[in-house]
Each structure stands twice: as structure tokens, then as C-alpha cells.
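K.L.:
Dumping the structure here so I can ask a few things about it.
We did not get these values from a lab; they are worked out from the coordinates using the rules stated. Since the structure is predicted, the reported quantities are computational estimates derived from the model, not experimental observations. FYI the Cβ positions are ideal-geometry reconstructions off the backbone, even for glycines, and counts take in every protein chain you see.
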There are 2 protein chains.
Amino acid sequence: MKRVWHDGKLVKGRISLSPFDRGLTLGDGLFETIAVMDSVALWRFEHVERMRAAAGLIGIAFPEELLDIAIDAVTFGLKGSHVLRLTLTRGEAARGLSENGSRPTLVATIVPFDAALRFKPLTLATALTRRNSYSVSSSIKSLSYIVSAAREARILGAEDALMLNTAGRVACSSIGNVFVETEDALLTPVLSEAVLPGIMRAEVIKLARLAGIKVREGKIPVAILRDAKAIYVSNSIRFLRPVARLDEKLYRRTKLFALLSRGLLNAETEQLLLG
Amino acid sequence: MKRVWHDGKLVKGRISLSPFDRGLTLGDGLFETIAVMDSVALWRFEHVERMRAAAGLIGIAFPEELLDIAIDAVTFGLKGSHVLRLTLTRGEAARGLSENGSRPTLVATIVPFDAALRFKPLTLATALTRRNSYSVSSSIKSLSYIVSAAREARILGAEDALMLNTAGRVACSSIGNVFVETEDALLTPVLSEAVLPGIMRAEVIKLARLAGIKVREGKIPVAILRDAKAIYVSNSIRFLRPVARLDEKLYRRTKLFALLSRGLLNAETEQLLLG
């Protein structure tokens, strides 16, 4: 089932938007992408809190109640697996970059998603496009999204891009956080490395630590990838994907992947019980 | 007069947009901002060509004829000074970052602009947010615009932000190209320094060279600004603005500013005769 919510109600087809909405004119806004199982938005609280924090960072008034209403409206009575997308823009404003006189715009959409696609192996190519280490937009789910890295990857015959930050160290993929499994630990770039505070990233870290695995958040030089046992990409929709190939190098699945994917499915069950 | 054109016709108020339009969901698109005097779009050819080149770079089909129709429709019969904004998005697409099955969306708006605001002195503050030296979006007029730098400047009590690139050298302001006047030359960051190929930037370079001034495009360390005679910000709407203050340092107007502004007004007259 496909549903669209805008401006207080479910709408059919297109939405009616100001041509001066800063989301459209300047990519000035935020989004969240949330997995929905039956009518439960998984990790709903965490997604809403992340969006609230990001809105605070860029000075968009956070329409908390409206957000709740929108999520309830698009998920009501759903069966099966869906993806919920929340788009929050700064709203209409006068020409130019100043932010006067705007009321945020909220759009929520829901589309079906095949849950069998979770945990699927992934191919990556290292992109020339890098995450900006000197921009707040690297640490929020900004509408000003770097789509050019994903494009580079497809041109190189991979499904997604491995992105470095402007310092040349491992940052993330264009759609998820990156984990690197070494002989004795699980590494992931620390948040100050121009990466998003992923909801699934936090879950993976928690699960791995509970299982007694050493998790290190730090600065990760590219050279570490060559000798890694495995690489993973996490996000809220696909949960955790093992990297099958990065550029020319192939990687195998490991026991840790089996352990982490079982853990994430258990965490999902907890979310369903909460919801 | 305010006018909006979308999807083949002039519309009143809001536009009807797909909630899955990548311009809205991912800032995946381009824009141009063009000064319009009476019904003439100034440097129309140059703006259209820049958008065509940028569309080629990010793989958006360029709707040339539609663009002409839109510009003609919003400028027809206008009197006085206006700003024309062209927004071109990749259009509607399936969820995710892939680009399948989209037809570009074009929106044109026109709003009045007070031509007396041109050439007005400007205050700048150096922003912590930097232009990404490793992203194509730094050299195209992408919808993924860095609005956080402009926000920083306002918080610091300045009208606009001086942006460095990720290498820490002078790039541009958040809305224009930067020129630095020294004792014997006019300097501006070379295009590879993560700056936009500004239409007005090209005009200023041409005019200065015609007047026998040495113009150097290169890499500009921040330290040069301290000893500069003057700093300017150029863009298509405000033409050329002398910087009155950058952070704590004040700058005076120079003879070169008078010469360049006269030259730009002459160039505008030529454009009006062409139009």
C-alpha cells in the first residue's frame, strides 16, 4: 500500500506545495527513513529524537505533534513491510538565503518494501565524492544529500559508494554506516568523522558489545579495509548488509554477521512488542 | 509582479508536485537565479548554458525548449526589476538513491527586486562550514545548497559568510564569487577551488582585463585577505558588492570598484539591447 500525508491529511497523488518552499529551492530540510512492520514504525522514538536534534542544529521549529499525527495516519492498519519517509523542510520563505517568516512543511509517505531484501550482500565502490568534514550537513539527515557518490558507484558497476571524508578516512556508504571487522574487534568511524548517527549503527554497537565483542569508534584509515575480515553497511531499512565486494576486493561472510543479524531480528521483535 | 510557471503553464499560488520528486526528497537538482530588467533576462544565454553543463555533469536530461518557454512566459511584458529563479529537479523517482524512471521537473518563479540594492556594501563573517573540495556539488548550482554557512554569518552579525574550501583556502561567499584587490592585481579563486563558475565572475574578469588590470585566478590563502586593499562579492542579482567588513577588519571602497561597477552597468545596457 502507498500513502501520502501532507498538511494535516492523507492526500492522493500529488501534494500542493509553495514554489518558494526552501525544501524544494535549497534542499533546506531533513528527512528520516523508517522501516514499518505491519503498523509499527520500528525504532520510532529514536528516529523522532534524531530528527528533533537535527532540527535544533539547523534551527527548524520541530512540529512534534504533527509528526506523531502523520506517522499514525500513514501506518494505521497496515499489513506487511513498508518504508516510511518523513520529509521536514523549513517551509516557504522570501527569496534568498535568509530564513524569515517560514513555517515548516511536513510530508510523510509510505511505500511497500520487500523485507526479504534485508541482510542482502552488497557491492561497494570507493567514490571520489567525499563527505564534508566541515559541514553540519554531514551529521544530519539533510535534504542536501550527496547523490553524486551513489551515481559514481553505479557508473563503476557497484550498488553503493564507500565514501571517505575530506580528511581521506573511511566515513560511510551513501546510504548507511560502515563497520569493519578485524581479527579482534569491530570498528566504525566515530561520529566526528562526518558520519550520521545511524539508528541501526547504535543497535549494532549495542548488540556487539552485549555479545562480548570489542567495538571501537575511531578514525579509520582506508588501508585497514584491505586486511579486514569483513565489512558491513547498516541502515534502518536493510538493517545490516555484508559487503561482498569493495572495488576489486572480495569479502566473505563471517560468524559475526550471523550473530549480528540474529540480534537485529530479535531487536525488531522487541520493537514490535513495544509498538 | 510575482509569477510562477510549472508544468507547461503559469499557475497561481501553489504548485502540484509529486511527493517523490527528488528535488524535494534529496535536493537532487539545479537552479539559476537571473536578474530581469523590464522583460529582458540578463545574461540569459550564459545562465542557460551553465545550467545545461551542470545538468550534463549530474545526468539530468536538459529540457531546453521547456526552459525557453518558461523564461518567456514569466518575463513577458514585465516592467521594472525582477529576479527570475529556475529550479530544475531530476523529477519523480522510486524510493532510494537510484535514478530510474524520472522526467525532470521545471519550476520558474519571478519576484520583484529593488535594483537600488545592487552594488551595496556588504559585511562578511568567516564561516566554519566549508565548501567541499571533493564534491561536484561545489561547482554546480545544486539544490543541495549549503545554507548553514549563511546561518552562521547571521548569528555572527554579518550579512553573508566567507566560505573556505576544505583545504582551508578562500572559496566564495554563500551567495557569490569573491574577488580580492591587492596593490597590483585582482585575484579570484580558480574554479578548481570548489567555487561556482559565476556569470558575473566572468564579466568582472573580462571587464578588469579590458581595463588593463592584472587578473589572477589561483589558490588564495586566507592570510592574503588581511592585507588586501579591497574585497568584492559578485553575483547575478547584486552584480558587485564591496565588502565593508570581514570579521573584525574594515575595508574602504577603491577606484577599482567605481571602474568595475560602471563597466557592469554598461554591460547590462548591452544585454538590454540584445534582449
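K.L.:
Give me the net charge of B:L78's neighbourhood, meaning all other residues with Cβ under 15 Å from the Cβ of B:L78; Lys, Arg count +1, Asp, Glu -1.
P.N.:
Surrounding charge for B:L78 is +2.
K.L.:
Report, to the nearest 10°, how far helix A:255-274 tilts away from the longest principal axis of the Cα atoms in chain A, using its own Cα long axis and a range of 0 to 90°.
P.N.:
30
K.L.:
Give or take rounding to whole Å, what are the principal axis extents of the alpha carbon atoms in the stretch A:30-97, in descending order?
P.N.:
44, 21, 18
K.L.:
Any idea what Rg and Dmax come out to for the stretch A:1-52 if you just take the C-alpha atoms, in Å?
P.N.:
Taking only Cα atoms of the stretch A:1-52, I get Rg and Dmax of 13.5, 36 Å.
K.L.:
To the nearest µm²/s, what D does Stokes-Einstein give for the stretch B:61-181 at 20 °C and 1.002 mPa s, using the Kirkwood radius over alpha carbon pairs as Rh?
P.N.:
Translational D for this selection: 124 µm²/s.
K.L.:
If you average 1/r over all unlike Cα pairs in the stretch B:126-275 and invert the result, what Kirkwood radius do you get in angstrom?
P.N.:
Result for the stretch B:126-275, one decimal place: 15.6 Å.
K.L.:
Right, another one. What Kirkwood Rh does chain A have if only Cα atoms enter the pairwise 1/r average? Answer in Å.
P.N.:
19.5
K.L.:
Over the Cα atoms of the protein assembly as shown, what Rg and Dmax result, in angstrom?
P.N.:
Values for the protein assembly as shown (Cα only, Rg and Dmax): 24.4, 76 Å.
K.L.:
Can you compute log10 of I(q)/I(0) for the stretch B:179-255 with the Debye formula, treating each Cα as one identical point scatterer, at q = 0.14, 0.17, 0.28 Å⁻¹?
P.N.:
So the normalised log intensities are -0.43, -0.65, -1.61.
K.L.:
Once you list every other residue whose beta carbon is under 10 Å from the beta carbon of B:L17, what net charge do they have if Lys and Arg are +1 and Asp and Glu are -1?
P.N.:
-2
K.L.:
Still on this structure, please answer the following. Nearest 10 degrees, 0 to 90: what angle lies between the long axis of helix A:44-58 and the longest principal axis of chain A (Cα atoms)?
P.N.:
70
K.L.:
Taking the Cβ of A:V48 as the centre, find all other residues whose Cβ is under 9 Å away and add up their charges (Lys, Arg: +1; Asp, Glu: -1).
P.N.:
After counting each charged neighbour, the total is -2.
K.L.:
If you don't mind, another one. Label position 7 Å from Cα toward Cβ: report the copy-to-copy distances for A:G157 in nm, one decimal, ordered from shortest.
P.N.:
Going from nearest to farthest copy, the values are 5.9 nm.
K.L.:
Taking 4 °C and 1.567 mPa s as the conditions, I'd like the Stokes-Einstein D for the stretch B:108-149 in µm²/s, using the Kirkwood hydrodynamic radius from alpha carbon pairs.
P.N.:
It diffuses with D of about 95 µm²/s by this estimate.
K.L.:
Follow-up question, since we're still on this one. Write down the percent of antiparallel bridges among all DSSP beta bridges whose residues are both part of the stretch B:74-224, to the nearest 5.
P.N.:
65
K.L.:
Starting from the Cα of B:K255, draw a straight line to each of the lysines and keep only those under 21 Å, dropping any in the same chain fewer than 8 residues away.
P.N.:
Answer for B:K255, where 21 Å is the Cα cut-off: B:K120, B:K206, B:K214, B:K229, listed by chain and number.
K.L.:
Placing the label point 7 Å from Cα along the Cα-to-Cβ direction, what are the distances from B:D247 to the equivalent spots in the other copies, shortest first, in nm to one decimal?
P.N.:
With the label placed 7 Å along Cα→Cβ, B:D247 yields 3.7 nm.
K.L.:
To the nearest 10 degrees, how steeply does helix A:64-75 sit against the main Cα axis of chain A, on a 0 to 90 scale?
P.N.:
70
K.L.:
A further question follows. For chain B, build the charge dipole from Cβ charges (+1 Lys, Arg; -1 Asp, Glu) around the Cα centre, then report which of B:L66, B:V48, B:L164 sits farthest towards its positive end.
P.N.:
Comparing the listed Cα positions along the dipole, B:L164 ranks first.
K.L.:
Measuring from the axis that superposes chain A on chain B, report the chain A residue with the minimal C-beta distance, rounded to whole Å.
P.N.:
So the chain A residue sitting closest to the axis is A:G27, 1.
K.L.:
How many nanometers, to one decimal and shortest first, lie between the label point of B:K12 and those of its other copies, if labels sit 7 Å from Cα toward Cβ?
P.N.:
2.4
K.L.:
With point charges of +1 on the Cβ of Lys and Arg and -1 on the Cβ of Asp and Glu, referenced to the Cα centre of the protein assembly as shown, which listed residue (A:F239, B:N132, A:L30) lies farthest in the positive direction of the dipole?
P.N.:
Value: B:N132.
K.L.:
How many nm separate the modelled label positions at A:L10 and A:A211, each set 7 Å beyond the Cα in the direction of the Cβ?
P.N.:
The modelled label-to-label distance comes out at 3.9 nm.
K.L.:
Here is a further query. Rank-order B:153-159, A:245-251 by packing density, defined as the average count of other C-beta atoms within 10 Å over each peptide's residues, highest first.
P.N.:
Going by the mean number of other Cβ atoms within 10 Å, highest first, we get B:153-159, A:245-251.
K.L.:
Starting from a Cα-only point model with no solvent, please compute log10 I(q)/I(0) by Debye for the stretch B:1-127 at q = 0.10, 0.17 1/Å.
P.N.:
Once normalised to I(0) and log-transformed, intensities are -0.36, -0.91.
K.L.:
Let me ask you something else. Going toward the positive end of the dipole of the protein assembly as shown, with +1 on Lys and Arg Cβ and -1 on Asp and Glu Cβ, which of B:S16, A:Y251, B:S173 do you reach last?
P.N.:
A:Y251
K.L.:
Quick one: divide the alpha-carbon radius of gyration of the stretch A:134-183 by 2.2 N^0.38 Å and tell me what you get.
P.N.:
Computed over Cα atoms of the stretch A:134-183, the ratio equals 1.21.
K.L.:
If you don't mind, there's one more thing I want to ask. Direction-averaged shadow area of the convex hull around the Cα atoms of the stretch A:158-197, nm²?
P.N.:
3.3
K.L.:
Can I ask one more? Once you charge only the Cβ atoms, +1 for Lys and Arg and -1 for Asp and Glu, what is the size of the charge dipole of the protein assembly as shown about its Cα centre, to the nearest 20 debye?
P.N.:
That gives the protein assembly as shown a dipole magnitude of about 380 debye.
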